[in-house]
1. Of the conditions (1) basic (Lys, Arg); (2) closer than 21 Å to THR131 by Cβ; (3) without any contact (Cβ under 8 Å) to a residue 60 or more places away in the chain, ARG37 fails just one. Which one is it?
2. Considering only residues that are assigned to a loop (DSSP other than H, G, I, E, B) and modelled with pLDDT of 95 or more, which ones fall in the range 58-112?
Amino acid sequence: MAKRNAREAGRLIAVDGVDGTAVKAAARASIADVPKRERGGVSGWDASGVFGDLIVAAQDAGRPSARTLLLLYAADLAFRLRWEIRPAIAEGRVVVAAPYVATAIAFGRAAGLPGAWLTDLFTFAPAAARTEAVDDVGSRKTDGGFVEFGSAFMLDARGNKRGDLIDRTRTHLLRLTRTRRSRLNH
């Protein structure tokens, strides 16, 4: 009987946002609110190391497109789900995913990708029990989080970095979390 109750207590909390430092801080605060015996930890992006590998790739590999970055994010999220998130939830623990699906979808929408394609891409990801949207654009460091990392690779038609991609992602994220709040927080 105790095992069944523990399994019922396991859940996923998503912390989404455009500023990696703020997302990490919010994730740490969210997990700190959980009783120690129920904590499963924080699952951060690039747990698989795929983005670290991208950084050290040779220059002649070229810059990845937004679609490529999101496919890599989905692969990394699948890794996180398999090795960090689902095992902790199965043990009845609370896991914070920082960031999770809403950040990636907002980034894709800001980069001009179709919403249906983005939704289809992340159908494998289970819904979070709760989603927190961190409304902070902070320092815009390129190494802070997924959005900063991705925006550093994105170029406009003239070959200039898309500095406004972070702001557009923030707008899409706030719209997404506001309009889908009932779907994101169930």
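1. Condition not satisfied by ARG37: (2).
2. Across the range 58-112, the qualifying residues are GLU91, GLY92, ARG93, PRO99, TYR100.
The values are calculated or read from the model by the stated rules, or taken from the named source; none is laboratory data. Model, not experiment: these values are computed from the prediction. Glycine also receives a Cβ, built like all others from the backbone with ideal geometry; neighbour counts cover every protein chain displayed.
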